[in-house]
Amino acid sequence: MLETPVLVAGGGPAGATLAAELGWRGGACLVVDDTDGTNPHPRANMAGQRTMEIFRRWGLADQVLAASLPADYPIDVIFSTRLTGIEIHRFSLTTPKDFANPTPELRARLPDVDWSPYFKTQIGQNYLEPVISRFAASFEGVEVRHNWKLVDFAHDPEGVTSTIEHTGTGAREAVRSRYLVGCDGGRSFVRGKLGIRFAGRGALAHNLGIYFRSPGFPQSHPLGRGTLLWTVAPDCRGVFIAVDGDQHWTYNRYFVSEDDPKDPREQVWQAVGKKIPLEVLSSQPWTGYQVVAERYRDGNVFICGDAAHLFNPTGGFGMNTAIGDAADLGWKLAAVLKGWGGPGLLDSYEAERKPIGVRNTTEAAGNFDKVAGLMRLPAEIEEGSARGDALRADVAGRVSGQKKTWSASGMHLGYRYEGSPIVVPDGTPPTPDHPQVYVPTTRPGSRTPHHWLRPGHSMLDLVPRHGFALLRFDAVAGESPLATAARRMGVPFSEVRVEDPEAVRLYERRYVLVRPDGHVAWRGDAFPADPAAVLDTARGMQPQTHSRSKPICPNSPPSTRKETA
Ligand SMILES: Cc1cc2nc3c(=O)[nH]c(=O)nc-3n(C[C@H](O)[C@H](O)[C@H](O)COP(=O)(O)OP(=O)(O)OC[C@H]3O[C@@H](n4cnc5c(N)ncnc54)[C@H](O)[C@@H]3O)c2cc1C
């Protein structure tokens, strides 16, 4: 029987992120994925700010940027009747290059430049997945097996016994693990076997994604370069999505109907408005949802990513929420396996992430409802008549009020773990949770704010790889009582002093205790009266389980990379 601390079923964005997070923190796992490791269809196409910050923590952000759209490619969202038809509205946001070196004009127009080192990183899921996967597999403790499928499991109080099967030969092996995580997508076998149901709105619309290659595509229409090109004429309701900004694009056709041409090429030509050279690389039907699983955990089994929630892509939250789940569960599993995390840490996964699943799926579905209103327009929308002008003006008016759908920094950065059992609240009221506007704050449960300390060095980089960090904005000499308590308790901990005046202002309190995932566990202007209690809360050590949990795998050296990596 194979043995591993964590069996991860599924190697998509959630499974690969979980494995990377575990490996990076010196943990071990076995990932089984029933594909050969290549999914040529892009599906998701945007890594949000927080996702990029997770990659930054691992030192992977530059590799992801290198695989994304060119730095001078405009992040523009354009609405037209069809690509060679009439332009209706456009949001010109910025380019990655300008975002990285903002002028005062850009800063005034797009405050997002001060909220994160990153903006909307346009990258096809087919380009992103291999980058995360390779990084995960580079760690000594991580084994990734493609063409292996989880076909059965049974869990007990001590762990999980699973059966995995080779998709080609049918060979089977038994795996004993302490934990099993179902990162096995929307049709999750793990969720199904646990009998966990989805709740919410199902089947918002049936759609078709067509991934194609077309040399000279950007020159085939007058709209110029953009990341999302929406077409709203009644026979071509959908959106073109830039995959490499040049020849490779996806066309998502919304509300497929019996009247649509059967040949996907005809559908693309309709939306372009003329025949262009075109090779269809793949086409996949897909359905939008607004559903979240009732539970994210059953004993030693967890679900994560699309296994736990399904989205409509409007806003680009599905993959980003999946990666956020995996990053949250990853540090908690690593801490428990190392022995310094308490049992409450694993319970906090659902307590923290399910509300984010509900928040994000709700916003995406609200965006869908607005977009859907643009997908049922009369044919006169294309007329050069007063009626056509009026229809287009109406659409432009409606679209211009939807900036939050395309520039959703508040969604990506402003989520907070309200009421989390491992966060010490300070009684301050929550900052507004606005989809577009992020309000920097260190209120407990929030992500710590970004600020450039010097070129290339963000405040986000101060959180060390292992354990908690106390950010100190004081002039008091010596070790803090929190550091002393952490040493006695065997909790990895470091202190960082910051004098930068803007950081002092931004971080609002003299002491900010940051968790390994960059969220605030506690803050105050004086040291806590009972520092051990604060740390016990933050590491999920409930009062009745005060003793340290038994280490399941010994403290291994931090994240050894394989030599072949
Ligand atoms: C058309 C479309 C557009 C989208 N656009 C966006 C976007 O712009 N932004 C965004 O954030 N999200 C978007 N999404 C959503 C995004 O693709 C998903 O949220 C994301 O893929 C979820 O990752 P995951 O790892 O949870 O699941 P998946 O990507 O589904 O990965 C699950 C993996 O597990 C494997 N597997 C399944 N069962 C088993 C088993 N029993 N054993 C072993 N392996 C198994 C599967 O083969 C797969 O490799 C879009 C989705 C679609 C369909």
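For the criterion of being over 14 Å from the mean Cα position of the chain (by Cα) and farther than 28 Å from ALA532 by Cα, PHE302 passes.
Considering only region 220-234, state which residues are in a loop (DSSP other than H, G, I, E, B) and more than 13 Å from VAL77 (Cα to Cα).
Result: HIS221, PRO222, VAL232, ALA233, PRO234.
When the residues of region 463-475 are narrowed to those that are of a type in the set (A, V, I, L, M, F, W, C) and part of a strand (DSSP E or B), which ends up surrounded by the most Cβ atoms within 10 Å (Cβ to Cβ)? If we take residues in region 463-475 being of a type in the set (A, V, I, L, M, F, W, C) and part of a strand (DSSP E or B), then PHE468 is surrounded by the most Cβ atoms within 10 Å (Cβ to Cβ). Within this structure, HIS166 fails the test of being open to solvent by 10 Å² or more (accessible area, probe 1.4 Å) and under 27 Å from MET319 (Cβ atoms).
A single member of ASN300, ASN367, ASN360 is more than 12 Å from the ligand (Cβ to nearest atom) and either in contact with a helix residue (DSSP H, G or I) (Cβ under 9 Å, 6 or more places away or on another chain) or closer than 28 Å to ALA154 by Cβ (or both), and it is ASN300.
In region 244-259, of all residues being surrounded by fewer than 17 Cβ atoms within 10 Å (Cβ to Cβ) and of a type in the set (D, E, K, R), the one that is farthest from THR231 (Cα to Cα) corresponds to GLU258.
So in region 206-217, with the set limited to residues that are within 11 Å of the ligand (Cβ to nearest atom) and open to solvent by less than 20 Å² (accessible area, probe 1.4 Å), which one is nearest to ARG359 (Cα to Cα)? Quick ask: steps written out before the conclusion?
Looking only at region 206-217, we keep the residues that are within 11 Å of the ligand (Cβ to nearest atom), and these are 207-211.
So of that shortlist, the ones also open to solvent by less than 20 Å² (accessible area, probe 1.4 Å) come out as 207, 209-211.
Values: ASN207: 23, GLY209: 26, ILE210: 29, TYR211: 30 Å.
Ranking the qualifying residues of region 206-217, first place goes to ASN207.
Under 28 Å from LYS193 (Cα atoms), open to solvent by less than 10 Å² (accessible area, probe 1.4 Å) and not in a loop (DSSP other than H, G, I, E, B) - does that describe any residue in region 270-286?
Filtering region 270-286 for residues under 28 Å from LYS193 (Cα atoms) gives 284-286.
Filter once more, keeping what is open to solvent by less than 10 Å² (accessible area, probe 1.4 Å): none.
Checking region 270-286: not a single residue is under 28 Å from LYS193 (Cα atoms), open to solvent by less than 10 Å² (accessible area, probe 1.4 Å) and not in a loop (DSSP other than H, G, I, E, B).
Taking region 136-179 as the search range and keeping residues that are among the charged types (D, E, K, R) and touching a Ser or Thr at 6+ places or on another chain (Cβ under 6 Å), which one is nearest to GLU3 (Cα to Cα)? Give the derivation first.
The first filter runs over region 136-179 and keeps only residues among the charged types (D, E, K, R), leaving 140, 143, 145, 149, 152, 156, 158, 165, 172-173, 176, 178.
Filter once more, keeping what is touching a Ser or Thr at 6+ places or on another chain (Cβ under 6 Å): 140, 149, 152, 172, 176.
Details: GLU140: 15, LYS149: 16, ASP152: 16, ARG172: 15, ARG176: 5 Å.
My answer is ARG176.
Among the candidates ARG145, ARG178, the residue that is within 26 Å of LEU60 (Cα to Cα) and assigned to a strand (DSSP E or B) is uniquely ARG145. Taking the criterion of being within 16 Å of the ligand (Cβ to nearest atom), under 17 Å from GLY182 (Cβ atoms) and not charged (D, E, K, R), would at least one residue in region 333-347 satisfy it? Looking through region 333-347, none of the residues is within 16 Å of the ligand (Cβ to nearest atom), under 17 Å from GLY182 (Cβ atoms) and not charged (D, E, K, R). Of all residues in region 220-235, those that are farther than 15 Å from ALA271 by Cα and either among the hydroxyl-bearing types (Ser, Thr, Tyr) or surrounded by fewer than 17 Cβ atoms within 10 Å (Cβ to Cβ) (or both) total 2.
Kindly indicate whether any position in region 310-326 is in contact with a helix residue (DSSP H, G or I) (Cβ under 6 Å, 6 or more places away or on another chain), within 19 Å of HIS412 (Cβ to Cβ) and away from the ligand (no atom under 12 Å from the Cβ).
Taking region 310-326 first, the residues in contact with a helix residue (DSSP H, G or I) (Cβ under 6 Å, 6 or more places away or on another chain) are 311-312, 314-315, 317, 319-323, 325-326.
Imposing the further condition that a residue be within 19 Å of HIS412 (Cβ to Cβ) reduces the set to 311-312, 314-315, 317, 319-323, 325-326.
Filter again for away from the ligand (no atom under 12 Å from the Cβ), leaving none.
No, region 310-326 contains no residue that is in contact with a helix residue (DSSP H, G or I) (Cβ under 6 Å, 6 or more places away or on another chain), within 19 Å of HIS412 (Cβ to Cβ) and away from the ligand (no atom under 12 Å from the Cβ).
Of all residues in region 139-153, exactly one satisfies the criterion of being more than 15 Å from the ligand (Cβ to nearest atom) and surrounded by fewer than 19 Cβ atoms within 10 Å (Cβ to Cβ), namely GLU140. When each of GLU479, GLU495, GLU499 is tested for being more than 29 Å from the chain's Cα centre (by Cα), within 30 Å of LEU60 (Cβ to Cβ) and surrounded by fewer than 20 Cβ atoms within 10 Å (Cβ to Cβ), the lone residue that passes is GLU499.
The residue list ALA19, ALA44 contains one member that is in a helix (DSSP H, G or I), within 13 Å of the ligand (Cβ to nearest atom), buried (at least 20 other Cβ atoms within 10 Å of the Cβ) and small (Gly, Ala, Ser), which is ALA19.
Checked against (1) at pLDDT 95 or above; (2) within 13 Å of the ligand (Cβ to nearest atom); (3) under 28 Å from ARG90 (Cβ atoms), ARG265 meets all criteria but (2). Please give the number of the condition ASN126 fails out of (1) under 30 Å from ASP76 (Cβ atoms); (2) loosely packed, with under 15 Cβ neighbours inside 10 Å. If we test ASN126 against (1) under 30 Å from ASP76 (Cβ atoms); (2) loosely packed, with under 15 Cβ neighbours inside 10 Å, just (2) comes out false. Among the residues of region 188-203, those identified as surrounded by 16 or more Cβ atoms within 10 Å (Cβ to Cβ) and within 12 Å of the ligand (Cβ to nearest atom) are SER188, PHE189, VAL190, ARG191, LYS193.
Within the option set VAL32, VAL64, being in contact (Cβ under 8 Å) with a residue 24 or more places away in the chain and within 7 Å of the ligand (Cβ to nearest atom) holds for one residue only, VAL32. If only residues of region 476-525 that are in a strand (DSSP E or B) and not hydrophobic (A, V, I, L, M, F, W, C) are counted, the one that is farthest from GLU53 (Cα to Cα) is GLY524. Screening GLY37, GLY85, GLY27, GLY11 for residues that are crowded, with 24+ Cβ neighbours inside 10 Å and either in contact with a His (Cβ under 8 Å, 6 or more places away or on another chain) or closer than 30 Å to ALA379 by Cα (or both) leaves exactly one candidate, GLY11. Here region 69-80 is the region considered, the condition is being open to solvent by less than 10 Å² (accessible area, probe 1.4 Å) and touching a Leu at 6+ places or on another chain (Cβ under 9 Å), and the residue that is farthest from SER409 (Cα to Cα) is SER80. In this structure, does LEU69 turn out to be over 17 Å from the mean Cα position of the chain (by Cα) and within 15 Å of the ligand (Cβ to nearest atom)? For LEU69, the condition - over 17 Å from the mean Cα position of the chain (by Cα) and within 15 Å of the ligand (Cβ to nearest atom) - is met.
The values are calculated or read from the model by the stated rules, or taken from the named source; none is laboratory data. Not measured: the values here are computed from a predicted model. Virtual Cβ from ideal backbone geometry, glycine too; neighbours counted across all protein chains shown. Ligands, DNA and RNA are excluded from the accessible area calculation, which covers all protein heavy atoms including side chains. Shrake-Rupley method; radii C 1.70, N 1.55, O 1.52, S 1.80 Å.
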